[in-house]
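A quick write-up on the structure given underneath.
The values are calculated or read from the model by the stated rules, or taken from the named source; none is laboratory data. A quick note: this is a predicted structure, and the numbers were derived from the prediction, not measured. Cβ: placed from backbone, ideal geometry, glycine included. Neighbour counts: every protein chain shown. Surface accessibility is based on the protein's heavy atoms, side chains included, excluding ligands, DNA and RNA. Shrake-Rupley method; radii C 1.70, N 1.55, O 1.52, S 1.80 Å.
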Amino acid sequence: MATPVMDKAEAEAARPADSPYITATFRIRRFNPEAAAESYWEDFRVEIDPKERVLDALHKIKWDLDGTLTFRRSCAHGICGSDAMRINGRNRLACKTLIKDIAPEKPITVEPIKGLTVQKDLIVDMEPFFQAYRDVMPFLVTHGNEPTRERLQSAEDRERFDDTTKCILCAACTSSCPVFWNDGQYFGPAAIVNAHRFIFDSRDEAGEQRLEILNDKDGVWRCRTTFNCTDACPRGIEVTKAIQEVKRALITRRF
Amino acid sequence: MATSDIELTGSSAAYSPDNPAPLIEAPRARTPRTAGSTGRSRTNFELYGWVFMRLSGIVLAVLVVGHLLIQLVLDGGVSKVSFAFVAGRWASPFWQGWDLLMLWLAMLHGANGLRTVINDYAERDGTRFWLKMLLYAATVFTVLLGTLVIFTFDPNIR
């Protein structure tokens, strides 16, 4: 097996003066349950254009340096939400993070997202996350006969929940939430965002039921308004605001 | 790197593809059977708790800042506080009411805050149960003792 660490002097000597490439160090949190009970850091030196993304560097490592590196990615263009990871201590999508934006002169740390069970390297068990999502009934509920055409809605009614329709279920918000880190029973920001998307939809009729679910002891009242989720969201959803709007709906319903 | 190439040392020496190490578990993961996802009688306790924290916080800001001003700043500062000073204040039902309200709101506000901290940070069910029992016992004791003193205070005690 080739050593993953490139010789620095050799790498720099081979590069022409006007080359756009730099040598960046990726410090990746590895875990292989078939080999050891503990995870560990491994450094990879990669020659790469700083205008490329962290995902490109991970590909380079997996394809050229160490084929055992394990991570999720599907579309690689910020839509599928597969490759959320903790890069330099912040939750981001590897496919939307340019290397030049995250100080490549220093080692770039890449870890799995926190608060979910690590299965291998950067892959975590997403099942508890999706369970919370399923628990808020993320689907349209109506009664009576289905109309023969679209369910029409005014532009203002659509605008009401526009922000929360952008969610791609990458788990960057939920796995940045300190309450979720310590207690996975909390629904987490992503589930609340997806409940918000239907609670404030004028066509939906199960808003009351979803509010009741989120009134639970593991529901919106556990939110500590730390704004980690809003900072982490790669889609720019105002997550904390959505949670506060659900709280307000619960209070105005009550009083 | 094939898995067999990895040199195993120390506590990891026993692990292999046939005998994998335990996964790095997250605390208290949510499952389909998590209480609350189905059934279970729902109450508005957490809602009222949240509203209580906001309202009592506003009232406490006034009560506590007023209390500190009177005790520590105005009229000679802390040096004036003595048994006679306290006895004089508690002769008036207004100050009795002020202190009683402050005692109850501060204790309930603080206890509810600590309850949420315990819920957030205690991982094991047993730990969180006993920490909360300790908290509730301390709260009830302090509130009852304080209330008893305010109402049965005897300025002529010797």
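Over chain B, calculate the relative contact order: mean separation of alpha carbon pairs under 8 Å at least 6 apart, over the residue count, as a percent. List each step's numbers first, then the result.
Values: 56 pairs, mean separation 34.8, N = 158.
Relative contact order here is 22 percent.
Taken per residue, the accessible surface of the protein assembly as shown reaches 53 Å², heavy atoms only and a 1.4 Å probe. For the residues of B:14-27, the average number of beta carbons from a partner chain within 10 Å of their own beta carbon is 6. Can you list the residues of region A:196-224 whose accessible area drops by at least 10 Å² going from the chain on its own to the full set of protein chains, with a 1.4 Å probe? Buried-area filter returns A:212, A:213, A:215, A:216, A:217, A:218, A:221, A:222, A:224.
Please label the shape of chain B as rounded, prolate or oblate, based on the square roots a ≥ b ≥ c of the eigenvalues of the alpha-carbon gyration tensor (a/c under 1.5 means rounded; beyond that, a/b larger than b/c means prolate, else oblate). It comes out prolate by the Cα gyration axes. Surface composition of chain B: carbon and sulfur atoms hold 70% of the protein heavy-atom accessible area at a 1.4 Å probe. What FRET efficiency do you get for residue A:80 and residue B:137 if R0 is 60 Å and r is their Cβ-Cβ distance, rounded to the nearest 0.05? So the FRET efficiency works out to roughly 0.70.
Working from Cα pairs under 8 Å separated by at least six residues, relative contact order for chain A is 16 percent. Averaged over the residues of A:176-184, the number of partner chain Cβ atoms lying within 10 Å of the residue Cβ comes to 5. Distance from the alpha carbon centroid of region A:92-111 to that of region B:87-105 works out to 59 angstrom. Applying a 4.7 Å Cβ-Cβ cutoff to chain A leaves A:95, A:167, A:170, A:177, A:223, A:233 as cysteine residues with no disulfide-compatible partner. Evaluated over chain A, the count of Lys pairs having alpha-carbon atoms less than 18 Å apart is 12 (only pairs 8 or more residues apart or interchain). Among A:216-223, A:246-253, A:147-154, A:188-195, the peptide with the highest mean count of other Cβ atoms within 10 Å heads the list, and the full ranking is A:188-195, A:216-223, A:246-253, A:147-154. Between B and A, roughly 3900 Å² of accessible area is buried in total, ligands, DNA and RNA not counted and the probe set to 1.4 Å. Counting Cβ atoms of other protein chains within 10 Å of each Cβ in A:27-37 and taking the mean gives 6. Cross-link candidates for residue B:132: which aspartates and glutamates have Cα within less than 14 Å, leaving aside residues fewer than 8 places away along the same chain? Within the straight-line limit of under 14 Å, residue B:132 reaches these aspartates and glutamates: B:120, B:123. As a fraction of the 1.4 Å probe accessible area of region A:69-108, surface on carbon and sulfur atoms comes out at 48 percent. Just to confirm the number: angle between the C-alpha axis of helix B:125-152 and the first principal axis of chain B, 0 to 90 degrees, nearest 10? Helix B:125-152 sits roughly 0 degrees off the main axis of chain B.
In region B:86-126, comparing the full protein assembly with the chain on its own, the residues that lose 50 Å² or more of accessible surface at a 1.4 Å probe are B:120.
Each label point was placed 7 Å from the Cα along the Cα-to-Cβ direction; for residue B:65 and residue A:51 their separation is 5.6 nm.
Assuming a ≥ b ≥ c are the square roots of the Cα gyration tensor eigenvalues, decide whether region B:76-158 counts as rounded (a/c under 1.5), prolate (otherwise, with a/b larger than b/c) or oblate. The shape class here is prolate.
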